[in-house]
Amino acid sequence: MTITSEAPARPEQKHSYSSDDIKRMLPHRWPMLMIDRAYDVVPGVSGRGVKSVSVNEPFFAGHYPDHSIMPGVMIVEAMAQLVAVVYVAELVEAAAAPGAPEGGDPSESVGYLGSISSMKFSRLVVPGDQLTLHAKLGQRLGALRQVSVRASVGSELAAAGSLIVTTGRKA
């Protein structure tokens, strides 16, 4: 029998956030708040989200009005907002820890989308679809963060690519 002093690895704790939680985490509001729920969020690492696509979305009035399809830029925005939830979750969960000092408004730490690369769109997204979003944060590059993102409808990939986001805002 071998005894080691190493503690067993703890599984990463996953968190879920409702639409009300997300409104506290992000500065976005209607009509630009693009995600309805986030789940399986490992703060600062990865997460999944949901965007339910409704015919009532304001962009459908002018984007192919006779053939409603969700604009690719809005799909990218939904994925970018999930990225923001994943990294803001680090602040939210740290502030919720026992004995943690009270933090400020976590939405103030949401940065900007800096770059979109290798984005491929492989399926039209239409009213009635439910987009399942996935984001995995990569390496930090100073004040930038590389991120791998994808969006699916059921088992069909709708979009996938890489983003670079800023990790804070400048006035």
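Applying the Karplus relation 6.51 cos²θ - 1.76 cosθ + 1.60 with θ = phi - 60° to the stretch 78-95 yields 3J(HN,Hα) values of 4, 5, 5, 5, 4, 4, 4, 4, 4, 7, 5, 4, 4, 5, 4, 6, 5, 5 Hz, where x marks Gly and Pro.
Just to confirm a number: summing +1 for Lys and Arg and -1 for Asp and Glu over residues other than residue 167 whose beta-carbon lies under 9 angstrom from that of residue 167, what do you get?
Here the count lands on +2.
Each 5 Å bin, from zero up to the one with the longest distance, holds this percent of the alpha carbon pairs of the stretch 36-89: 4, 19, 25, 17, 13, 11, 7, 3, 0.
Remark: the stretch 116-171 projects, on average over all directions, an area of 5.0 nm² (convex hull of Cα atoms).
Annotation: extensible slack from residue 116 through residue 130 equals 2.8 nm (criterion: 0.36 nm per residue apart, minus Cα-Cα distance).
Rounded to two decimals, the Cα-based Rg/Rh of the stretch 61-126, with Kirkwood Rh, is 1.17. Ordering 139, 26, 82 by the projection of their Cα atoms onto the charge dipole of the chain, which places +1 on the Cβ of Lys and Arg and -1 on the Cβ of Asp and Glu, puts 139 at the extreme positive end. The packing ranking, built from the mean of other Cβ atoms within 10 Å per residue, places the peptides 25-36, 62-73 in the order 25-36, 62-73, highest first. Per residue, the accessible area of the chain comes to 58 Å², computed with a 1.4 Å probe over protein heavy atoms only. Within the shell defined by Cβ-Cβ distances under 11 Å, the residues around residue 125 carry a net charge of -1, with Lys and Arg each +1 and Asp and Glu each -1. With every protein chain in place and a 1.4 angstrom probe, the accessible-area ranking of 14, 23, largest first, reads 14, 23.
With a 10 Å radius around each residue's Cβ, average the other Cβ atoms per peptide and rank 138-151, 113-126, highest first.
Per-residue Cβ counts within 10 Å, averaged per peptide and sorted highest first, yield 138-151, 113-126.
Comparing the stretch 73-171 with the 2.2 N^0.38 Å rule of thumb, its C-alpha radius of gyration ratio is 1.20 (two decimals).
Charge tally for residue 92 (other residues, Cβ to Cβ under 9 Å; Lys, Arg +1; Asp, Glu -1): -2.
The values are calculated or read from the model by the stated rules, or taken from the named source; none is laboratory data. What you are looking at is a predicted structure, and each value in this text was computed from that prediction instead of being measured. Cβ coordinates were reconstructed from backbone atoms using ideal geometry, including for glycine residues, and neighbour counts include every protein chain displayed. Side chains are part of the model used for accessible areas, which takes the heavy atoms of the whole protein and leaves out ligands, DNA and RNA. Shrake-Rupley method; radii C 1.70, N 1.55, O 1.52, S 1.80 Å.
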